[in-house]
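See below for the structure under consideration.
The values are calculated or read from the model by the stated rules, or taken from the named source; none is laboratory data. Since this is a predicted model, take the numbers as computed values, not measurements. Ideal geometry is used to build each Cβ from the backbone, glycine not excepted, and the neighbour counts take in all protein chains shown. Accessible surface is based on the protein model in full, side chains and every heavy atom, while ligands, DNA and RNA are left aside. Shrake-Rupley method; radii C 1.70, N 1.55, O 1.52, S 1.80 Å.
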Amino acid sequence: NATMVHYDINPKNVAIVKGGKPKLNDFNTVEFLRWDKVKQKRCGFRGRLHEPWWRAPEELIMPHSYAEGKNFSSKAGLVETMEDQPLLDEKIDVWSLGNLLYNMLTGHAARGQARTWRYAQVRHDVLTAKLPWRDTDAFYLNSTQPAIVAMRRAVERCIVKDPKARGSALDVAYEMMDALEDILDGKSGNDGGDDTNGPKSAIISSAVTANTTIGGPSNITSSPEGSAGNKQAPQSKSRNSTRWERHHR
């Protein structure tokens, strides 16, 4: 019952292959999650990468020794040893998916440019789970276009401080497929006209990315029956889930 955490999801690690389909690559930092048959729970892993630009709050918790030479003075998120760090799981990839969706929607990194002088501020923003809308163009914040609304909602489903409250990649994929179906069926009203290479296209790519790269039908649940390698479907499905699974089977 092992499954995989990519552990480094960002735009540079997504390739657009034939047919315009996004594929996650660069698996050199991957971590495998296993099921503890004695304790009847999943085994997480200790984080070893702590840069804040694309990572989740729990990934930034690190030993004091790791902070040496870094451009921040706050003791927030610092612990004594690696054993004091929280155990990580697939929810860190979901947080990174939120950053990726923001990038697809706006064309900008969720946390801005990776600059040394910004390290402390970005670290603080991530540790406190601030949503990335602060410096976002008002168009994306105020638009009522259904595709943009769906993208905003997806970002906010992913960028949640508590990993247990954070949505799953599969949930995000299904919700975006629902939104896309409504748009294509005309149920969401005027979507703003031609959308070639725009938000509607981004919804398609986002749903494919979420479903086929870090979630999919074998997305991890809290029980061994839902672990990767078992084809059990998720407990709650959208109206698209059967069609989606059939298409990608």
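Computed quantities for the displayed model
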{"item": "Over 22 Å between alpha carbons, listed pairs Lys91/Lys187; Lys130/Lys164; Lys12/Lys41", "result": "Lys91/Lys187; Lys12/Lys41"}
{"item": "Gain upon complete extension [Leu131, Trp117; 0.36 nm per residue less C-alpha separation]", "result": "3.0 nm"}
{"item": "Fraction of the pair-distance distribution of the stretch 113-173 above 13 Å, Cα-Cα pairs, percent", "result": "69"}
{"item": "Apportionment of accessible area to carbon and sulfur, the stretch 1-159, percent (1.4 Å)", "result": "51"}
{"item": "Equivalent ellipsoid dimensions for the stretch 52-138 as semi-axes, Å, which come from the Cα gyration tensor, largest first", "result": "24, 16, 9"}
{"item": "Hypothetical label at Leu87: residues of the stretch 26-65 whose amide nitrogen lies under 17 Å (7 Å Cα-Cβ projection)", "result": "31-48, 58-59"}
